[in-house]
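Let me begin by presenting the structure, written as structure tokens, before commenting on it.
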Amino acid sequence: MIIQMADRLQKVPEYYFSRKLRELRDRIAQGEDILNLGIGSPDLEPPVDFKKQLIAQVAEPGLHAYQPYKGIPALREAFADFYSRMYGVSLNPETEIQPLMGSKEGIMHISMAFLNPGDQVLVPDPGYLTYGSVSELVGAEVISYNLLADKQWEPDWEQLNSLKLEKVKLMWVSYPNMPTGATGSPELFQKLIAFARKHKILLVNDNPYSLIRSQQPASILHQADAREVAIELNSMSKSHHIAGWRVGVVVGDAAYIHAILQIKSNMDSGMARPLQEAAAHILKQDFQWHIEQNEIYESRFELAKQIMSSLNCSFDPNQTGMFLWAKIPADASDSAAFSDEILNETQLFLTPGFIFGKNGEGYLRLSLCSPIHHLELALSRVKAFADRRPLLSPSLSIQEA
Ligand SMILES: Cc1ncc(COP(=O)(O)O)c(C=O)c1O
């Protein structure tokens with residue numbers, strides 16, 4: 001390399017999964033039979049119409065041009081209809097909906113649209129890594145706030161209220177929560193909205209898991225008076241199993257959405273039209289399809305609980321979403337060492353909780369994105385491992401009901 005890299009590279013290490021998946025690929029190439037239960041990349045098929053529509057659209061003439069920066073009308077209308085049916089939220093498809101190439105890029109657009117260097121950002125701990133790293137990349141200062149295990153992973157209000165908040169402009173929240181599987185509640189959303197209004201903070205709810213193992217999908221925008229202070233990211237990656245195709249959305253008040261478009265339209269030129277058409281088509285899927293997917297996830301969740309119990313990990317059985325979040329045994333040293341020990345002894349990869357922040361230390365996250373026969377194999381390996389090694393003491397802080 002003949003030049004120095006930009007200073008901002010000092011602020012962010014390579015994404016954890018980018019490194020870890022490389023290691024797993026190398027080990028698989030060397031002949032290890034590794035089961036990766038780490039990452040939340042859905043293995044289930046999207047609705048059948050997705051591929052049909054995509055193929056039909058690709059065959060249409062004249063669809064190779066740049067598409068509108070704000071997404072094709074059919075996709076924005078389909079998101080509006082989806083928000084109305086799933087969450088009871090009415091949105092104007094012209095002004096209140098911005099399709100994205102997955103919600104992850106939206107974290108960058110939102111940060112660039114609303115943060116100046118030196119502004120402060122409230123980031124949950126534990127939480128999705130990208131909130132903090134993108135805040136750093138735009139030169140903002142990350143203020144971590146705790147989610148409390150003994151309060152269903154709701155924010156530590158005592159801590160939040162004790163902070164100096166004058167420089168805080170933006171607060172990331174994510175309910176249903178990743179990685180903890182906590183559901184959140186209308187009361188929690190109300191509290192967050194009141195807090196944001198009082199301190200003039202933009203609240204961003206990152207909401208990709210609301211349809212996974214959930215009886216009642218929820219959006220923060222359903223709450224009265226939310227629009228003034230809150231916007232929401234959503235994604236078809238998990239809800240419709242098209243993570244690799246990259247379709248997400250940000251919704252909210254027109255002024256916020258316009259600011260985001262101002263950034264986005266300077267950075268990319270939108271998604272291919274066949275993808276937008278196919279995504280619009282499957283957004284119309286009725287709730288029954290999601291119920292059927294959730295039956296599959298439920299049966300996987302049952303096995304996931306057995307795997308974690310065999311490792312003497314404890315967990316809240318009422319958690320929702322695409323993972324099982326479990327506390328490691330009291331005398332396991334830490335999440336990284338325990339995850340590595342499980343990987344080395346059973347060729348099973350579980351995500352160590354420390355990557356989600358200091359409050360994630362002491363936990364493991366198991367993804368439900370693997371077929372039943374993989375989970376059964378994982379269970380048999382873990383049981384054999386537990387038979388070989390002296391039993392660790394189960395954690396006492398979370399009881400299985
Ligand atoms: C909490 C959370 N937010 C956002 C994303 C990004 O999803 P996508 O960019 O695929 O929409 C993920 C993906 O794992 C996630 O877990």
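At a glance:
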item	result
Mean Kyte hydropathy of -1.0 or more with a Cα span along the axis of at least 30 Å, helices from DSSP in the chain	287-310
Value of relative contact order over the chain, rounded to a whole percent, pairs C-alpha under 8 Å and six or more apart	23
Antiparallel content of DSSP bridges confined to the range 65-286, in %, to 5	35
For peptides 343-350, 136-143, 59-66, sequence by mean Cβ density within 10 Å, most packed first	343-350, 136-143, 59-66
Packing-based ranking, highest mean first, of 160-170, 247-257, 71-81 given that Cβ atoms within 10 Å are counted	247-257, 71-81, 160-170
Sorted by Cβ neighbour density within 10 Å, fewest at the top, the residues Trp245, Trp157, Trp172	Trp157, Trp245, Trp172
Non-local Lys pairs in the range 142-202, i.e. 8 or more apart or on different chains, that have alpha carbons under 18 Å apart	9
Rounded to 5, percent antiparallel among DSSP beta bridges of the chain	50
Global geometry of the range 154-310, whether rounded, prolate or oblate, following the gyration tensor of its Cα atoms and the 1.5 cut on a/c	oblate
Sequence-separation-based contact order of the range 65-286, relative, with Cα cut under 8 Å and 6+ spacing, percent	29
Distance-filtered residues of the range 35-51 - backbone nitrogen under 15 Å, label point 7 angstrom along Glu292 Cα→Cβ	44-51
Leading residue at positive end of dipole, the chain (Cβ point charges), from Pro42, Tyr145, His258	His258
Distance violations [Cα-Cα > 25 Å] among Lys11/Lys358; Lys264/Lys358; Lys52/Lys104	Lys264/Lys358; Lys52/Lys104
Qualifying lysines (Cα of each under 27 Å from Cα of Lys383; at least 8 residues distant if same chain)	Lys20, Lys305, Lys327
Additional length obtainable on full extension of the chain from Glu14 to Ser41, 0.36 nm per residue less Cα span	7.8 nm
Among Lys104, Lys51, Lys151: highest mean-square fluctuation, GNM of the chain, C-alpha pairs under 10 Å	Lys151
In nm, spacing of pseudo-spin labels at Gln159 and Asp225 (7 Å Cα→C-beta vector)	2.6
Most mobile listed residue (Asp33, Asp334, Asp156) in the chain, GNM with C-alpha springs under 10 Å	Asp33
Most fluctuating residue given options Ile212, Ile296, Ile220, as computed from a GNM of the chain linking Cα atoms under 10 Å	Ile296
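Every number here is computed from the coordinates shown, using simple stated rules; none is lab data. The shown structure was predicted, so the numbers you read here are calculated from the model rather than taken from an experiment. Cβ coordinates were reconstructed from backbone atoms using ideal geometry, including for glycine residues, and neighbour counts include every protein chain displayed.
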